[in-house]
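The values are calculated or read from the model by the stated rules, or taken from the named source; none is laboratory data. Note that the structure is a prediction, hence the values are computed from the model and not measured. Note that we place each Cβ from the backbone using ideal geometry, even for glycine, and neighbour counts take in every protein chain shown.
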Amino acid sequence: MGYIHDLRKLVGTKPIIMVGANVILLNEKNEVLMQLRTDNHTWGLAGGAIEPGERLEEAAKRELHEETGLIAKQLTFFNIFSGEEFYYKYPHGDEVYNVITSYICREYEGDLKVDEHEVQSLQFFPLNELPSNINPVEIPIIQEFLSSQKELQTK
C-alpha cells in the first residue's frame with residue numbers, strides 16, 4: 001500500500017477518500033472466499049487500495065493474488081460502492097471514506113496461500129452460512145451480492 005502509506009505521512013490519520021477494489025470469489029460449490037483480517041479480526045473479501053496509474057480491475061487481481069495466492073482468470077464487474085456507510089476508522093486510527101469497485105470471480109487458478117501480514121485465515125463459506133463478524137464496510141457489499149443471487153434464482 002505504497003501510495004496510501006506515503007499519503008498518510010502528509011495527512012496523518014485525517015479522513016481521506018480511498019479508492020479500491022475487492023473480489024467476490026466463488027468456488028464450484030458457489031461458496032464465497034472470505035479472509036479473516038489481522039487488523040480488526042473480522043471476515044472480509046480480498047481487496048485493497050489502488051496504486052497511482054493502476055486500473056481498478058488490475059488492483060482487484062493484484063490484491064486477490066497477494067492476499068490469497070489465487071490468480072483471477074476472469075473478473076465480472078459487480079458494482080461501485082461509496083457514501084457514508086463506507087466510512088471506516090482503522091484500529092490504529094487512520095480514517096477513510098472508501099470508494100470500492102467490486103468484482104465477481106468464478107474462474108481462477110492457484111492454491112490458497114495466506115498473506116500473513118494482512119490475513120489470519122482463508123475459508124470458503126456457503127452463501128447461507130456466512131460468519132457473523134464481517135468487516136463493517138463490506139456488509140453492504142455482501143448484502144447486495146446475496147440479494148442479486150436471490151433475484152437470479154427467482155427468474
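Values as computed for the structure displayed
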quantity	calculated
Inter-residue pairs, beta-carbon under 8 Å, first on the phi > 0 side of the Ramachandran plot and in segment 13-26, second surrounded by fewer than 21 Cβ atoms within 10 Å (Cβ to Cβ) and not charged (D, E, K, R), 6+ apart	none
All positions within segment 93-145 that are among the aromatic types (F, W, Y) and either within 15 Å of A60 (Cα to Cα) or touching a helix residue (DSSP H, G or I) at 6+ places or on another chain (Cβ under 8 Å) (or both)	Y97, Y103, Y108
Members of segment 1-17 that are hydrophobic (A, V, I, L, M, F, W, C) and either over 20 Å from the mean Cα position of the chain (by Cα) or at pLDDT 95 or above (or both)	L7, L10, V11, I16, I17
Every pair of residues 6+ apart whose Cβ atoms lie under 8 Å, when the first sits in segment 104-132 and is within 13 Å of L33 (Cα to Cα) and among the hydroxyl-bearing types (S, T, Y) while the second is modelled with pLDDT under 95 and exposed (fewer than 12 other Cβ atoms within 10 Å of the Cβ)	none
Wholly enclosed strands (runs of 3 or more DSSP E) of segment 57-155 bearing at least 1 residues in contact with a strand residue (DSSP E or B) (Cβ under 6 Å, 6 or more places away or on another chain) and of a type in the set (A, V, I, L, M)	71-81, 95-109, 119-126
Among (1) surrounded by 15 or more Cβ atoms within 10 Å (Cβ to Cβ); (2) within 13 Å of the chain's Cα centre (by Cα); (3) within 23 Å of N40 (Cα to Cα) - the single one F78 does not satisfy	(3)
Residues (among the β-branched types (V, I, T) and either in contact with a Phe, Trp or Tyr (Cβ under 8 Å, 6 or more places away or on another chain) or modelled with pLDDT of 95 or more (or both)) located in segment 93-118	V96, V99, I100, T101, I104
Residue count for segment 1-51, restricted to those that are exposed (fewer than 11 other Cβ atoms within 10 Å of the Cβ), closer than 21 Å to F145 by Cβ and of a type outside the set (D, E)	1
Single match in L45, L26, L36 (criterion: farther than 18 Å from V119 by Cβ, among the aliphatic types (A, V, I, L, M), under 16 Å from the mean Cα position of the chain (by Cα) and at pLDDT 95 or above)	L26
